[in-house]
Amino acid sequence: MLEYLEIEEFSFVSNDKIKIWVKDGKVHYSLYFLRNCKEVNDEISNCAPESLEKMLVALQITAWKKTYEPNMMYMDGTSWTVKYKECGGKEVKYSGENAWPRNWKAFLSIIKVITGDLGGLE
């Protein structure tokens, strides 16, 4: 079962953070979106922990490469980090700079189901 999931994205104009965790049988989340000046702390999602777990397993986040980088160099762009921890497990960190896993948009769709908002995340 998920203990927590943290997403952070940095770009020239933005620094967005989303944290999702399971506590007392409920899915909680916090949001911080610098670009549109939005901050939400410890909200409870309508998504059940079991549903969240099924969506994440189907997405196969644990099969992601640890680091994603483009084939060519960019001066500006977007960097991101995802930290993922199962209860009783070790934290796993995935990151990228101007490159993302193939199923990134599906991953963000799951996050939006939980939080209702993605801020500036792409």
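The values are calculated or read from the model by the stated rules, or taken from the named source; none is laboratory data. Note that the structure is a prediction, hence the values are computed from the model and not measured. Don't worry about glycine lacking a Cβ; one is built from the backbone with ideal geometry, like all the others, and counts go over all protein chains shown.
Does V57 qualify as being aliphatic (A, V, I, L, M) and out of contact with any strand residue (DSSP E or B) (no Cβ under 6 Å at 6 or more places or on another chain)? When the stated conditions are applied, V57 passes them. Close Cβ contacts (under 7 Å, 6 or more residues apart or on different chains) running from residues in the range 18-32 that are closer than 11 Å to I114 by Cα to residues that are aromatic (F, W, Y) comprise I18/Y29; K19/Y4; K19/Y29; I20/Y4; I20/Y29; W21/Y4; H28/W21.
Among the residues of the range 57-96, those that are in a helix (DSSP H, G or I) and over 17 Å from S109 (Cβ atoms) comprise T62, A63.
Residues in the range 2-56 that are assigned to a loop (DSSP other than H, G, I, E, B) and at pLDDT below 85: F12, V13, S14, L34, R35, N36, C37. Taken over the range 1-27, the criterion of being more than 16 Å from E86 (Cβ to Cβ) and either touching an Asp or Glu at 6+ places or on another chain (Cβ under 8 Å) or surrounded by 14 or more Cβ atoms within 10 Å (Cβ to Cβ) (or both) is satisfied by I7, E8, E9, F10, S11, F12, S14, N15, D16, K17, I18. Could you run through the range 49-76 and say how many residues are on the phi < 0 side of the Ramachandran plot, surrounded by fewer than 13 Cβ atoms within 10 Å (Cβ to Cβ) and not hydroxyl-bearing (S, T, Y)? Looking only at that region, the number is 13.
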